[in-house]
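The values are calculated or read from the model by the stated rules, or taken from the named source; none is laboratory data. Keep in mind that what you see is a predicted model, and the values were worked out from it rather than measured. Note that each Cβ is placed from the backbone with ideal geometry, even for glycine, and that neighbours are counted across all protein chains shown. The protein model used for the area step is the full one, side chains on, heavy atoms only, and it has no ligands, DNA or RNA in it. Shrake-Rupley method; radii C 1.70, N 1.55, O 1.52, S 1.80 Å.
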Amino acid sequence: MLTPQWRSFGRGVARTAAVTAIAVTVGGFGLSAQAAAAPAGAPSGSEFSASDELLRQGDSGPEVRALQERLAELDYWHGGADGEFDGLTTHAVVALQKAAGIDRDGLVGPDTRKALDEGARPEIQGKYNNAVEIDLEHQLLIVVSDGELEQIFTTSTGSGETYESEGEERVATTPKGEFTVFREVDGWDHAPLGSLYRPKYFNRGIAVHGYDSVPPYPASHGCTRVSIPAMDWLWENEALEQGTPVVVR
């Protein structure tokens, strides 16, 4: 059985921001990804792998709180450890699964427990002391602060599919490169392709923005989707102020 025995380390402390419950749909998409090594000083052990109990959205109790505390230690954002396996906890589990290169199903089974024990985290480019990095392969948005990884969010970027806009056929891509935030809208921005929540534009009409649906695979027209509560966190913690570097890789 899981027990909340871990101690916080580095920047990976649990946040106590209020959590807004959202619906999330996740599926078992076994897309290719490469697991990163555990950070220096990250605790490891058999706490998760010793149990064969499957945890999933809708569960609650001390086991879920222990899961949430471990995710927070590894900097996977979920809004706070309250013992409720809600949509934000599912997003954090999916982000971990993406970094570890295992099925992105949002379920905490043997493979996910092993990834938690081993401290799977994505690598950062680390070119800028303060930046946001968008990892297209793993579909992760990473906040870098003072040269260190601060928070990890699951994201959904350009699907690669064709679509029609303003009478033209286009391809839904999120171009790689180095950009900066140049415009923001503090509210819903009703764009031609849909409504974007509190968008931070960094490449023409492409923005990091909140959205009701953030599947574990590329699904947008080119923007970088995060959950609505995650977008609130990015605003409140000034992670995407105007002029902030955005590295899409």
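Looking only at residues in the range 145-194 that are at pLDDT below 95 and of a type in the set (S, T, Y), the one that is least open to solvent (accessible area, probe 1.4 Å) is S165. Of all the numbered requirements in (1) surrounded by 24 or more Cβ atoms within 10 Å (Cβ to Cβ); (2) not in a loop (DSSP other than H, G, I, E, B), A120 misses one, and that requirement is (2). In this entry, V64 is excluded by the filter for residues that are part of a strand (DSSP E or B) and farther than 18 Å from S227 by Cα. For the range 128-158, the set of residues classified as outside any strand (DSSP E or B) and in contact with a strand residue (DSSP E or B) (Cβ under 7 Å, 6 or more places away or on another chain) consists of Y128, N130, L136, Q139, T155, T157, listed by residue number. For the range 81-108, a residue qualifies if it is open to solvent by 10 Å² or more (accessible area, probe 1.4 Å) and either at positive phi or outside any helix (DSSP H, G or I) (or both), and the qualifying residues are A81, D82, E84, D86, G101, I102, D103, D105, L107. K200 passes every criterion in (1) basic (K, R); (2) open to solvent by less than 30 Å² (accessible area, probe 1.4 Å); (3) free of Cβ contacts under 8 Å to residues at least 12 places away in the same chain apart from (3).
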